Every structure is written in structure tokens, then in C-alpha cells.
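Asker: To start, I am sharing the structure in question, which I have written as C-alpha cells.
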Amino acid sequence: MTALNKPLEGLTVLDFSQFLSGPSAALRLADLGARVIKIERPGSGDICRTLYISNLELDGDSTLFHSINRNKQSYAADLKNTDDMRKVTELIRKADVLIQNFRPGVAKRIGIDYEAVRGMNPSIVYGEITGYGSEGPWRDKPGQDLLVQARSGLAWLNGDDGQPPLPFGLSISDMLAGAHLVQGILAALVRRGVTGRGALVEVSLLEAIMDLQFEVLTTYLNDGGMPPKRSAYNNANAYLGAPYGIYETRDGYLALAMGSITKLSGLLGCEALAVYQDPAEWFDKRDEIKRVLADHLRTGTTAEWLSKLEPADYWCAEVLTWDRLMKHDGFTVLNMVQEVVRGSGSAMKTTRCPIRIDGRLFTSPVGSPAVGEHTDVINEVMLGE
């Protein structure tokens, strides 16, 4: 990689996906230099253009769409139209990667399933994301993030014992599935570079979210099937003892990770914790210990406690809001925020690719495309029409 080139420059990706999981995978490939062509229905485009997570929009499209489709080109095509499908077929023949996240069976009906595409381009790397895989009783259920969190057991792990299931505050199943698809696509591209063979790369939201739980699932699978027991107080990990959790202070919140209760007692000047000398008690009596600790921490400020814990290298952190995080030097030094600009001139701030290679940040000022914004130039340059 030279100073001017990104590692995936020269690769062409056709992104037939919608919503979050597939587009997030295509976004990462674009960040690393691939040319990503988003195939959209004429007029309305990706459904995500009108999928709002707030009432904020830019140029008539949701900020959610902008955040996950920046740095791409848009090609408008009606896949039921013979002439449009002919052009799409020509693009497939010239592409290196294809990504789709239709429900099982949909890609086959419109003629872009893996077998059909492999017939057009034997060396293509074909990436597919489903909700629950291509077989089984859940095959045709909606692959929606919250529903996958519910079925996976993830929501059941969150919150305190006795509280109802608690989902994550973001679309974690979608994002992880997209990340796993990128890993599979890059591995298949490496193999193709050696053998010339294409590949089918499949990821499901359920498998991605089960992999996220591998640590606690492994314990469950090897512990006679004993279910995890969430802490009834300040639960953060069902398999970890006190003090692991988040605690209220006089003016905020403090996170405490793994650590000795005996050492914590001395550092905080909390004599009531000193009686818990046996490490086995730190799990068996964790709710009792956490309540004692919580009462004590509420008597001081977050800064006061940090001043005692951090010099002793006791694992802790202040709980920050986004506003306070983004004003902190620990965040600003990362240059994590970039500005992107649409063809219309409208600009917005968003995050950059989190990967560095040889110390280089991968940023791009190119915002998300309007529906079909690049159809004509792609027809001219790639198809000669």
C-alpha cells in the first residue's frame, strides 16, 4: 500500500442490501478503498432512507441512511425490468463482490442468488446476510435486530435479576453481522488471490449475536447446563462477582471492573467491606457486597473515588455522557469524527472507519448518494452505454 492508495482500491462491490447489516459491511469495504455501487429501486431507493431513529434528516433522507451509506455510489435499477436487469447482469460480470440481505428465497426469485451469479461471474465473492440462516423453522421470520436480541438470550442476560429482559440501546445484531460478513469476504478474497476461486460467504444475525456471547455460553455449555444467575444489584456480567458493575456516586456514576474486595476496602476507607476476606464470597455474596459498596460510594463524588482508585491501578472508569466524552482529550486525540458532503453540498458529521493500517486513518469526505445519482456515469464508464 502506497501513501496514496487504500488497500481495497481496484475492487468493485455491488451492494444490493438494505437497512443496516448488509450496508454496514459494504460501508467498511468502501472505507478501505473499494468502489461500492449501491443498487437501488428507482424513486424510493433503500427503505433505510425513510427509516428514522429520530426526526432528524438531511436532503429528505434519514440520518441513519446517511451514516451507513456514505462513500458509496447509487445505481437505480428495476430488477423486474428486462433492460435494467441486463445492465445489472453486466455489472455483476465486472464485480469482485456482491452483497445482499434479502429474506431467504427472494434473491432466487429475482435471479441474483449465488448459483445464478456464479454462472455470470465464477470468481465473484458473494456475501449474504439472513436473520436466522437459510434453513430451519425460523428461516422466514423477520431478521430484525430487536427480535434477534430477544430470541438469542442476549436481552435476558441484561439488567438485574428479577427485572424484565433488557435489550441493548443499539442495533448490535446488525452491526456484528456486518462486521463478520466483512471478515468472511476478505478471507474469500485472499483465497481468490491464490486460487482464482470465488466463494459464497453467509452470516446470520442470530449466529453473529450467539458468537458475541461465546464467553458466557461456553461456561453454560460446560457447567451442566446451569443457567447464569444475574446479580440482583448492579448486574453487569452474570458470571462475575463483586464489585463488577456501575455505581451511583454523589454527582454521577462510577464503573468498577474485576478487583479485590479487600484492596477496595482499604482504598475507599470502607470498613464494612473488610469482613469479606474470602474471594469465594465475592461471588456467593456479591449482592450483599454490592449493596454495602453502593451505600458507601454515594457518600463521595466520582472524582474523589477516582483519585483514590486510579493511582492504585484499580480498574475503574467514570460513566460519561456523549457530550462529556467528546470534550475529553482521550476522545478528541483519536480524530474519530469526520465531515462528509453530499453531491448537493449538504454536509453532516459522522464517525470514521475505526481501522488504522501503517498508522493511517481511513477517512473520506464523500457523503451518501441520492437515488440513482451515479447511474449514468456507471453506464458510461463500466458498461460503455
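Asker: Would you mind telling me which numbered condition in (1) closer than 30 Å to residue 42 by Cα; (2) surrounded by 12 or more Cβ atoms within 10 Å (Cβ to Cβ) residue 380 fails?
Answerer: Of (1) closer than 30 Å to residue 42 by Cα; (2) surrounded by 12 or more Cβ atoms within 10 Å (Cβ to Cβ), only one is false for residue 380: (2).
Asker: Looking at the stretch 301-324 only, could you name the residues that are surrounded by 12 or more Cβ atoms within 10 Å (Cβ to Cβ) and assigned to a helix (DSSP H, G or I)?
Answerer: Of everything in the stretch 301-324, those that are surrounded by 12 or more Cβ atoms within 10 Å (Cβ to Cβ) and assigned to a helix (DSSP H, G or I) turn out to be 302, 303, 304, 305, 306, 308, 309, 310, 312, 324.
Asker: Here's another thing I want to ask about it. All but one of (1) assigned to a loop (DSSP other than H, G, I, E, B); (2) at negative phi hold for residue 151; which doesn't?
Answerer: The single condition residue 151 does not satisfy is (1).
Asker: Any residue in the stretch 106-119 that is under 15 Å from residue 14 (Cα atoms), surrounded by fewer than 22 Cβ atoms within 10 Å (Cβ to Cβ), out of contact with any strand residue (DSSP E or B) (no Cβ under 9 Å at 6 or more places or on another chain) and of a type in the set (Val, Ile, Thr)?
Answerer: Among the residues of the stretch 106-119, not one is under 15 Å from residue 14 (Cα atoms), surrounded by fewer than 22 Cβ atoms within 10 Å (Cβ to Cβ), out of contact with any strand residue (DSSP E or B) (no Cβ under 9 Å at 6 or more places or on another chain) and of a type in the set (Val, Ile, Thr), which makes the answer no.
Asker: Restricting to the stretch 67-91, count the residues that are under 20 Å from residue 182 (Cβ atoms) and out of contact with any Cys (no Cβ under 8 Å at 6 or more places or on another chain).
Answerer: 5
Asker: Could you figure out which of (1) of a type in the set (A, V, I, L, M); (2) buried (at least 17 other Cβ atoms within 10 Å of the Cβ); (3) within 18 Å of the chain's Cα centre (by Cα) isn't true of residue 150?
Answerer: Against the list (1) of a type in the set (A, V, I, L, M); (2) buried (at least 17 other Cβ atoms within 10 Å of the Cβ); (3) within 18 Å of the chain's Cα centre (by Cα), residue 150 comes up short only on (2).
Asker: Let me ask another. Condition first: acidic (Asp, Glu), surrounded by 14 or more Cβ atoms within 10 Å (Cβ to Cβ) and under 23 Å from residue 321 (Cβ atoms). Now tell me which residues in the stretch 206-261 satisfy that.
Answerer: Once the filter is applied, which keeps residues that are acidic (Asp, Glu), surrounded by 14 or more Cβ atoms within 10 Å (Cβ to Cβ) and under 23 Å from residue 321 (Cβ atoms), the stretch 206-261 yields only 248.
Asker: So residue 349 clears everything in (1) under 19 Å from the mean Cα position of the chain (by Cα); (2) in contact (Cβ under 8 Å) with a residue 40 or more places away in the chain except one condition, right? Which one?
Answerer: (2)
Asker: Considering only residues that are farther than 25 Å from residue 197 by Cα and free of Cβ contacts under 8 Å to residues at least 12 places away in the same chain, look in the stretch 78-105 and name the one that is surrounded by the fewest Cβ atoms within 10 Å (Cβ to Cβ).
Answerer: Once the filter is applied, the top-ranked residue is 82.
Yes/no matrix, rows are residues, columns are (1) touching a Ser or Thr at 6+ places or on another chain (Cβ under 6 Å); (2) assigned to a loop (DSSP other than H, G, I, E, B):
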{"position": "331", "(1), (2)": "no, no"}
{"position": "335", "(1), (2)": "no, yes"}
{"position": "338", "(1), (2)": "yes, no"}
{"position": "344", "(1), (2)": "no, yes"}
{"position": "349", "(1), (2)": "no, no"}
{"position": "364", "(1), (2)": "no, yes"}
{"position": "369", "(1), (2)": "yes, yes"}
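Asker: Could you please give the count of residues in the stretch 177-216 that are farther than 13 Å from residue 129 by Cα, touching a residue at least 40 places away in the same chain (Cβ under 8 Å) and small (Gly, Ala, Ser)?
Answerer: Matching residues across the stretch 177-216 total 4.
Asker: Are any of the residues in the stretch 48-62 surrounded by fewer than 22 Cβ atoms within 10 Å (Cβ to Cβ) and under 30 Å from residue 359 (Cα atoms)?
Answerer: Among the residues of the stretch 48-62, not one is surrounded by fewer than 22 Cβ atoms within 10 Å (Cβ to Cβ) and under 30 Å from residue 359 (Cα atoms), which makes the answer no.
Asker: Out of all the residues in the stretch 116-139, which are under 23 Å from the mean Cα position of the chain (by Cα) and more than 26 Å from residue 194 (Cβ to Cβ)?
Answerer: Residues satisfying the conditions are 130, 131, 132, 133, 134, 138, 139.
Asker: Find the residue count for the stretch 153-168, including only residues that are surrounded by 15 or more Cβ atoms within 10 Å (Cβ to Cβ) and polar (S, T, N, Q).
Answerer: 1
Asker: Does the stretch 132-146 contain any residue that is of a type in the set (Phe, Trp, Tyr) and either buried (at least 19 other Cβ atoms within 10 Å of the Cβ) or more than 20 Å from residue 214 (Cβ to Cβ) (or both)?
Answerer: Yes: one or more hits.
Asker: Another question, then. So residue 148 ticks every box in (1) in contact (Cβ under 8 Å) with a residue 60 or more places away in the chain; (2) touching a Lys or Arg at 6+ places or on another chain (Cβ under 9 Å); (3) within 29 Å of residue 228 (Cα to Cα) but one. Which box is left unticked?
Answerer: Checking residue 148 against (1) in contact (Cβ under 8 Å) with a residue 60 or more places away in the chain; (2) touching a Lys or Arg at 6+ places or on another chain (Cβ under 9 Å); (3) within 29 Å of residue 228 (Cα to Cα), the one that fails is (2).
Asker: List the number of the failed condition for residue 266; all other conditions in (1) closer than 21 Å to residue 313 by Cα; (2) in a loop (DSSP other than H, G, I, E, B) hold.
Answerer: Among (1) closer than 21 Å to residue 313 by Cα; (2) in a loop (DSSP other than H, G, I, E, B), residue 266 violates only (2).
Every number here is computed from the coordinates shown, using simple stated rules; none is lab data. Quantities reported herein were computed from a predicted structural model and do not represent experimental measurements. Counting neighbours? That spans all protein chains shown, and the Cβs are built from the backbone with ideal geometry, glycine included.
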